[in-house]
Amino acid sequence: MDIAASPPEGRERADAARNRARVLAAAERLFSTADPGTVTMDRIAKEAGVGRATLYRRYPDVGSIAMALLDEHERALQQRLLSGEPPLGPGAEPGDRLAAFYEAMLALLDRHLPLVLGAETGSARMATGAYGFWRVHVHSLLVAAGTPDPDALVDALLAPLAPEVFRYQREQRRLSTVEIGAALDRLAHRVLG
């Protein structure tokens, strides 16, 4: 292999970058128009106009493609949690911060539910880096509020944000995002004071 022909380590070849962009755009279209459970690697490859080998070279499965799409939205929210304005960012009481986190997560779910369902369903949700970040954030709020046994409570406070729960509440129960948010606001303030 000619070393001069290889891109520098960490840099993506131009054709690979174009293919990645095509795959992500195609997947986003499919996730927004189809039941996430019916989106397959074959459908994404056809929609993107790339070969299956090209698709599998970068992404092992549909969930990894959905995760790549979600990543930028979750990173933006993580940054706001770390350094944004209160109450979402530092400087507010733990109950207010948890309520603001719930509101921000509901907005993310409302806007990107098909992607989240494609990436974070069932036990796969707990294996994501984003879930780990949300868990650390909520745990730190529980500790700051002096809540007993925060380790046992943190996942219970994140459970209402599971994409399957949100979809059930919106589609089956016909609850608005405002109604769900008001209930989670009460939960946040009752648990964290």
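The values are calculated or read from the model by the stated rules, or taken from the named source; none is laboratory data. Please read all numbers here as calculations on a predicted model, not as lab measurements. Cβ sites come from the backbone with ideal geometry, for glycine too, and all protein chains shown count toward neighbours.
Structure notes:
- Residues of the stretch 30-41 satisfying the condition of being in contact with a helix residue (DSSP H, G or I) (Cβ under 7 Å, 6 or more places away or on another chain) and either of a type in the set (A, V, I, L, M, F, W, C) or in a helix (DSSP H, G or I) (or both): Leu30, Phe31, Ser32, Pro36, Val39, Met41
- Against the test of being of a type outside the set (Gly, Ala, Ser), surrounded by 17 or more Cβ atoms within 10 Å (Cβ to Cβ) and modelled with pLDDT of 95 or more, the options Pro114, Pro163, Pro150 yield a single qualifying residue, Pro150.
Rundown of residues vs (1) buried (at least 18 other Cβ atoms within 10 Å of the Cβ); (2) assigned by TED's automatic domain parsing to the domain that holds Ala100; (3) touching a strand residue (DSSP E or B) at 6+ places or on another chain (Cβ under 6 Å), yes/no style:
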position: Thr40; (1), (2), (3): no, no, no
position: Thr54; (1), (2), (3): yes, no, no
position: Glu72; (1), (2), (3): no, yes, no
position: Gln78; (1), (2), (3): no, yes, no
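- Per the listing Ala53, Ala68, Ala100, Ala21, the residue uniquely within 30 Å of Thr147 (Cα to Cα) and either at pLDDT 90 or above or not in a loop (DSSP other than H, G, I, E, B) (or both) is Ala100.
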